[in-house]
Amino acid sequence: AQTVTQSQPEMSVQEAETVTLSCTYDTSESDYYLFWYKQPPSRQMILVIRQEAYKQQNATENRFSVNFQKAAKSFSLKISDSQLGDAAMYFCAYRSAGISSGSARQLTFGSGTQLTVLP
Amino acid sequence: ETGVTQSPTHLIKTRGQQVTLRCSSQSGHNTVSWYQQALGQGPQFIFQYYREEENGRGNFPPRFSGLQFPNYSSELNVNALELDDSALYLCASSSTQGTGQTQYFGPGTRLLVL
């Protein structure tokens, strides 16, 4: 079974600064997807960024980028120019790329990192 | 494009009762997954529905059951409610076409069992 570990329960960053959230995972599979989701106080889970394991290039979405190290099974999220609206719980999630299998499409989540943005 | 919707938003039940939660998938999505998120924890996979059949299940007892309808909407039913069932229940929809690997979540239903 796959596991996802987020070792930083809480992080804080000054507005306009850069912060990196860590995530490691354990899997024996070679093809999979990794995600970062954001959950603000409303508790709506919002997709931040997605990475396909077969792609060597790190994904970027505006101020959000990842550092994907497949051999090390590491998937960190970098938030640049942090804004007050970035304050939320951030979850790292893993999904197998298996085809046609329902269980292969489940997301396995880490325990989350609570990000505080200081004005 | 309509996003994932869930109803009700909040629910209070007593131990032993039964509850039904509802989810409408995002337009164009044919797969629905349900997750339970206890306070301070990450979501835990309950089960997934595709083509009106359960297509994968997490470590939850049989009193957690579901349905998917021809329009891809879904229900989560929980019988014999226990205090530990108090949680946020999240529904996520996805498609087997295109970006099928991405699940988009609804706003959740907060269930409190007294």
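The values are calculated or read from the model by the stated rules, or taken from the named source; none is laboratory data. Predicted model, so just to flag it, every value in this text is computed and none were measured. Please note: Cβ atoms are built from the backbone with ideal geometry, for glycine as well, and neighbour counts cover all protein chains shown. To get the accessible areas, we keep the full protein, side chains included, count just its heavy atoms, and leave off ligands, DNA and RNA. Shrake-Rupley method; radii C 1.70, N 1.55, O 1.52, S 1.80 Å.
Observations on the model:
- Inter-chain Cβ neighbour count for A:40-48, averaged per residue, equals 4 (cutoff 10 Å, partner chain atoms only).
- DSSP loop GluC sites (Glu not before Pro) with at most 13 other Cβ within 10 Å: longest gap in chain A: A:30-119
- Rg ratio (alpha-carbon, reference 2.2 N^0.38 Å) - chain B: 1.00
- Candidate aspartates and glutamates for bridging to B:K13, where Cα separation is under 14 Å - those fewer than 8 sequence places away on the same chain excluded: B:E82, B:D84, B:D85
- Neighbouring partner chain Cβ atoms per residue of B:25-33, average, 10 Å criterion: 1
- In this label model, A:T5 and B:N71 are separated by 4.6 nm, measuring between points 7 Å along each Cα→Cβ vector.
- For the pair A and B, total buried accessible area rounded to nearest 100 Å², probe 1.4 Å: 1900
- Average accessible surface for region B:1-82: 52 Å² per residue, computed with a 1.4 Å probe over protein heavy atoms with every protein chain in place.
- Surface composition of the protein assembly as shown: carbon plus sulfur atoms hold 47% of the accessible area, using a 1.4 angstrom probe and ignoring ligands, DNA and RNA.
- In a fully extended conformation the segment linking B:L114 and B:F60 would gain 17.4 nm over its present Cα-Cα distance, using 0.36 nm per residue.
- Taking B:L39, B:L76, B:L88 in turn, the Gaussian network model of chain B (Cα-Cα springs below 10 Å) assigns the largest fluctuation to B:L39.
- Proximal lysines to A:K73, defined as alpha-carbon separation beneath 22 angstrom and excluding residues fewer than eight positions away on the same chain: A:K38, A:K55
- Once the 1.4 Å probe is applied to the protein heavy atoms, region A:1-101 comes out at 50 Å² accessible per residue.
- Sparsely packed loop sites in region B:25-114 (the trypsin sites (Lys or Arg not before Pro) outside DSSP H, G, I, E and B with at most 12 other Cβ atoms within 10 Å) comprise B:R51.
- Exposed loop sites, defined as GluC sites (Glu not before Pro) outside DSSP H, G, I, E and B with at most 13 other Cβ atoms within 10 Å, are absent from the longest region of chain B, namely B:2-51.
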